[in-house]
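Everything below concerns the one structure shown next.
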Amino acid sequence: MQLYGVDPATVGAAVRILVEEDRADHIDLNFGCPVPKVTRRGGGAALPWKLDLFTGIVQTAVREASKGGIPLTIKMRKGIDEDHLTFLEAGRIARDSGVAAVALHGRTASQYYSGTADWSAIAELRNALPDIPVLGNGDIWSAEDAVRMVRETGVDGVVIGRGCQGRPWLFGDLMNAFEGSAERHQPGLGQVAETVYRHAELLVDAFGSEMMGLRDIRKHMAWYFKGYVVGGELRARLATVPTLEVLRGLLAELDADSPYPGADAEGPRGRAGSPKKTSLPEHWLQSRRLNEAQQADISAAELDVSGG
Ligand SMILES: Cc1cc2nc3c(=O)[nH]c(=O)nc-3n(C[C@H](O)[C@H](O)[C@H](O)COP(=O)(O)O)c2cc1C
């Protein structure tokens, strides 16, 4: 379970609920979100800049999680921008607070998902924290990328982002690669179609609503069929599919014998966005500690922010 929050008391209470109700085997705190509605209230990737607030949240979360023996980890970015890097200090604070691992996405908040991730920052963090597991994240599109990240940075593990969009089998490929096997899952179009249908069924189950489940599966279509031979008109109808029954019919129109297209199905996928100045609370960058007004805003923000 991943949590996002800007107030130590609220995050602590959330972790306590998860532990007491036995709802998670592992809890992660999200300090990587670059979205304006989150950062302009001091959350996500903006938060580690405030050392007192970051320390308070991580210490409280670790304390509550440890009561149930649940590992607490954090995920973060390099910083707000290249002039306001936070990852080394935040990593040390998290280590000193007792986290089970630290994950670093090698981009700043203002980079969004654009450009290439800076794996050298991941290596730097790995070297700075020799005593806890460090996980690397950014631009892993294949099992080979994951193996290369481990080799180049020395990380203990990797975190997959956009690389698994439309490729849930990437995780199996990673397991094979790390076990030294050259076997990779390279599905033909028929197998992709079956996976899309199963994914849609699971979404319908998860949402408890066919309409909601189908609305969600639409955005996955371009990812699943990237590189495969699918006509433009059929792609358009898949991207607006209303029901499981219609989905079944559309998938039946695909050439199930069409083979894995190779390189066309691989490489970057998902949105990159473009770099933009990160929205922050007023005077956020002036000091590494919260001033009184920011302290008051943080408490109020907790009342009306949802998501991360
Ligand atoms: C649409 C989208 C939603 C995301 N949501 C989350 C999230 O809820 N929590 C999180 O830690 N990271 C989230 N991420 C970030 C990814 O986990 C990852 O850090 C980022 O995409 C960089 O890895 P990549 O270059 O391999 O995609 C999200 C990314 C995208 C594109």
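Kindly evaluate Gly273 against the criterion of being among the small types (Gly, Ala, Ser), in contact (Cβ under 8 Å) with a residue 60 or more places away in the chain and loosely packed, with under 14 Cβ neighbours inside 10 Å. So Gly273 passes the test. Of all the residues in segment 7-48, those that are under 19 Å from Asp297 (Cα atoms), within 18 Å of the chain's Cα centre (by Cα) and of a type in the set (A, V, I, L, M) number 5. I'd like the full set of residues that are surrounded by 14 or more Cβ atoms within 10 Å (Cβ to Cβ) and over 24 Å from the mean Cα position of the chain (by Cα), limited to segment 238-250. Selection gives Leu238, Val241, Thr243, Leu244, Val246, Leu247, Leu250. Scanning segment 251-268 for residues that are surrounded by 13 or more Cβ atoms within 10 Å (Cβ to Cβ) and either touching a Gly at 6+ places or on another chain (Cβ under 7 Å) or basic (Lys, Arg) (or both) returns Ala256, Ser258, Pro259, Tyr260, Pro261, Ala265.
Yes/no matrix, rows are residues, columns are (1) of a type outside the set (Ser, Thr, Tyr); (2) at positive phi:
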position: Arg218; (1), (2): yes, no
position: Met221; (1), (2): yes, no
position: Lys226; (1), (2): yes, no
position: Leu234; (1), (2): yes, no
position: Ala239; (1), (2): yes, no
position: Arg248; (1), (2): yes, no
position: Leu251; (1), (2): yes, no
position: Tyr260; (1), (2): no, no
position: Gly273; (1), (2): yes, yes
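In segment 276-296, the residues that are more than 16 Å from Val38 (Cα to Cα) form Cβ pairs under 7 Å with partners that are among the basic types (Lys, Arg), at six or more places apart or across chains, as follows: Arg288/Lys50; Arg289/Lys50; Leu290/Lys50.
If you go through segment 251-265 and keep only what is under 11 Å from Phe225 (Cβ atoms) and within 28 Å of the chain's Cα centre (by Cα), you end up with Pro261, Asp264, Ala265. Applying the condition of being aromatic (Phe, Trp, Tyr) and more than 30 Å from Arg148 (Cα to Cα) to segment 180-237 and asking which residue is surrounded by the fewest Cβ atoms within 10 Å (Cβ to Cβ) yields Phe207. The helices (runs of 4 or more DSSP H) falling completely within segment 1-93 that include 3 or more residues that are of a type in the set (Val, Ile, Thr) and within 26 Å of Ala128 (Cα to Cα) map to 51-67.
For segment 69-88, filtering for residues that are farther than 15 Å from Ala123 by Cα and within 13 Å of the ligand (Cβ to nearest atom) leaves 3.
State whether one or more residues within segment 170-192 are without any contact (Cβ under 8 Å) to a residue 12 or more places away in the chain, more than 15 Å from the ligand (Cβ to nearest atom), more than 30 Å from Ala101 (Cα to Cα) and over 21 Å from the mean Cα position of the chain (by Cα). Break it down into steps so the answer makes sense when it comes.
Of all residues in segment 170-192, those without any contact (Cβ under 8 Å) to a residue 12 or more places away in the chain come to 171, 175, 179-183, 191.
In the following step, the residues that additionally are more than 15 Å from the ligand (Cβ to nearest atom) were identified as 175, 179-183, 191.
This time we only want the ones that are more than 30 Å from Ala101 (Cα to Cα), so: 191.
Applying the additional criterion that residues be over 21 Å from the mean Cα position of the chain (by Cα) yields 191.
Yes, the conditions are met somewhere in segment 170-192.
Write out, first by first residue and then by second, each pair whose Cβ atoms fall under 7 Å of each other, whose residues are 6+ apart or on separate chains, and whose first residue, in segment 49-67, is over 12 Å from Ile298 (Cβ atoms) while the second is among the basic types (Lys, Arg). Filtered contacts from segment 49-67: Trp49/Arg288; Leu51/Arg288; Leu51/Arg289; Glu64/Arg16. Just one of (1) more than 23 Å from Ser279 (Cα to Cα); (2) without any contact (Cβ under 8 Å) to a residue 24 or more places away in the chain; (3) buried (at least 19 other Cβ atoms within 10 Å of the Cβ); (4) not aromatic (Phe, Trp, Tyr) trips up Arg148, so point out which. Here Arg148 meets the rest and fails (3). Answer yes or no as to whether Ala121 is surrounded by 22 or more Cβ atoms within 10 Å (Cβ to Cβ), aliphatic (A, V, I, L, M) and out of contact with any strand residue (DSSP E or B) (no Cβ under 9 Å at 6 or more places or on another chain). No. For segment 143-160, check the following and say yes or no: at least one residue is under 27 Å from Gly262 (Cβ atoms), of a type in the set (S, T, N, Q), touching a Lys or Arg at 6+ places or on another chain (Cβ under 7 Å) and within 16 Å of the ligand (Cβ to nearest atom). No: segment 143-160 contains no residue that is under 27 Å from Gly262 (Cβ atoms), of a type in the set (S, T, N, Q), touching a Lys or Arg at 6+ places or on another chain (Cβ under 7 Å) and within 16 Å of the ligand (Cβ to nearest atom). Which one of Gly56, Gly106, Gly115, Gly91 is small (Gly, Ala, Ser) and away from the ligand (no atom under 16 Å from the Cβ)? Testing whether each residue is small (Gly, Ala, Ser) and away from the ligand (no atom under 16 Å from the Cβ) leaves just Gly56. Restricting segment 1-53 to residues that are of a type in the set (Lys, Arg) and under 19 Å from Pro275 (Cα atoms), the residue that is farthest from the ligand (Cβ to nearest atom) is Arg40.
Bear in mind these aren't lab numbers, they're just calculated from the coordinates by the rules spelled out. Bear in mind the structure is a predicted one, so any value in this text is a computation, not a measurement. Backbone-built Cβ (ideal geometry, glycine too); neighbour counts: all protein chains shown.
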